[in-house]
Each structure stands twice: as structure tokens, then as C-alpha cells.
Amino acid sequence: METTELESAYRRLFAAAEALGDTGALPADTRASVDWTVGHIALSDRILAGAARDLLLGLPAVVDNREAMDARNLGALIASTTPAERRELLRRNGDDFVAAVRTIPGHAVGEPVELRLVDREGRPAPGTKLPWRELVRLRAAEHLPGHAARLEAARARG
């Protein structure tokens with residue numbers, strides 16, 4: 001599957017995360033937002049890469065984001081890693097997701113992906129299905145740019 005737009009979105013995201021460097025000098029609320037954002041995306045990418053691999057194997061693809069939205073899970077990740085380690089996890093998991101997407105053959109890009117999404121408070125969103133190509137397009141065109149903009153704004157505030 002074509003990944004040019006996805007790769008471009010990740011380059012912006014990675015650059016925004018790297019530009020922040022050590023978040024220790026940021027105001028506490030900004031630092032917490034940055035830490036949450038980087039951890040959330042890194043965990044989300046692991047979930048998405050797993051769904052891509054399932055799709056490639058002909059298994060039902062399901063994206064359940066609870067792990068990437070759970071406050072305790074994110075808190076444990078943040079407490080056990082440095083900002084540099086989280087940025088490395090972000091890059092590694094993002095690269096892994098892009099590599100998995102690249103392997104999806106053209107005939108499979110229209111396969112449905114079941115979404116089981118929750119918000120930050122754990123409230124479920126209505127379940128839905130999207131074609132794989134649409135999930136990737138949304139990641140590249142909306143989700144990642146939104147998070148990159150949040151990181152860029154945090155740097156401007158810091």
C-alpha cells in the first residue's frame with residue numbers, strides 16, 4: 001500500500017517531538033499534555049501495526065484503542081521512561097506501523113477494520129467499521145497532523 005502521505009505526517013510528528021527535547025523546562029500542564037500525546041501515539045501505533053498484520057494474514061482487523069487511552073497505562077509508561085525514551089518509542093512504533101502498512105497488498109486496502117474506540121475518560125464511541133485505506137488516510141491526514149500541531153503549540157508555549 002502507498003505510504004507517502006503517512007510517512008510525511010510522521011516526519012512532521014517526529015520533528016515536532018524532537019524539537020521539544022527534554023520537557024522538564026515546560027510548564028507542568030504543557031509537559032503533561034506532551035507526555036500524554038507522545039505516549040498515546042506510540043501505544044496507538046503498536047495497536048495499528050497489529051491490525052495491519054492481522055489484515056495481511058487474512059484475519060479480522062480490529063483497532064481497540066483502550067490501551068492507548070487508559071490513564072493508568074499511560075501514567076505507567078510516562079513514569080518508567082524519559083522523554084528521550086518516549087520519543088524513541090514513538091519513532092520505533094511509528095516506523096513499524098508504516099512498514100506494516102507498506103506490506104498491505106492492493107486487493108486488501110478495502111477490507112473493513114472494526115473500530116472499538118474510547119475517549120480519555122474510557123467512554124466508548126459508537127462502534128464502526130472503516131475500509132483499511134480510510135483508516136490509514138484518517139491517520140495521515142487528520143490524527144497525526146492534529147497531534148503534531150499540539151506538540152508544535154507546546155513548544156511555542158514553552
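The values are calculated or read from the model by the stated rules, or taken from the named source; none is laboratory data. The shown structure was predicted, so the numbers you read here are calculated from the model rather than taken from an experiment. Neighbour counts run over all protein chains shown; Cβ positions are idealised from the backbone, glycine included. SASA here: full protein model, heavy atoms, side chains in, ligands and nucleic acids out. Shrake-Rupley method; radii C 1.70, N 1.55, O 1.52, S 1.80 Å.
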- prompt: Angle between the Cα long axis of helix 71-80 and the longest principal axis of the chain, 0 to 90 degrees, nearest 10?
  reply: 60 degrees
- prompt: Roughly how many Å² is the accessible area per residue of the chain, as a whole number, for a 1.4 Å probe?
  reply: 50 Å²
statement: Placing +1 on each Lys and Arg Cβ and -1 on each Asp and Glu Cβ in the chain, then taking the dipole about the Cα centre, the residue among Leu138, Ala28, Val118 whose Cα reaches farthest towards the positive end is Ala28
Hz values of 3J(HN,Hα) by residue in segment 2-13 - Karplus curve (6.51, -1.76, 1.60), Gly and Pro given as x: 5, 10, 4, 5, 5, 4, 4, 5, 5, 4, 5, 4
- prompt: Quick one: with all protein chains in place, what share of the accessible area of the chain is carbon or sulfur, to the nearest percent (1.4 Å probe)?
  reply: 55 percent
- line: Given a Förster distance of 35 Å, the FRET efficiency implied by the Cβ-Cβ spacing of Asp22 and Asp119, rounded to the nearest 0.05, works out to 0.75
statement: All alpha-carbon distances of the chain, grouped into 5 Å bins from 0, give the whole-percent distribution 2, 9, 19, 22, 20, 15, 9, 4, 1, 0
- prompt: If you add up the charges near Asn93, with Lys and Arg at +1 and Asp and Glu at -1, over every other residue whose beta carbon is less than 9 angstrom from its beta carbon, what do you get?
  reply: 0
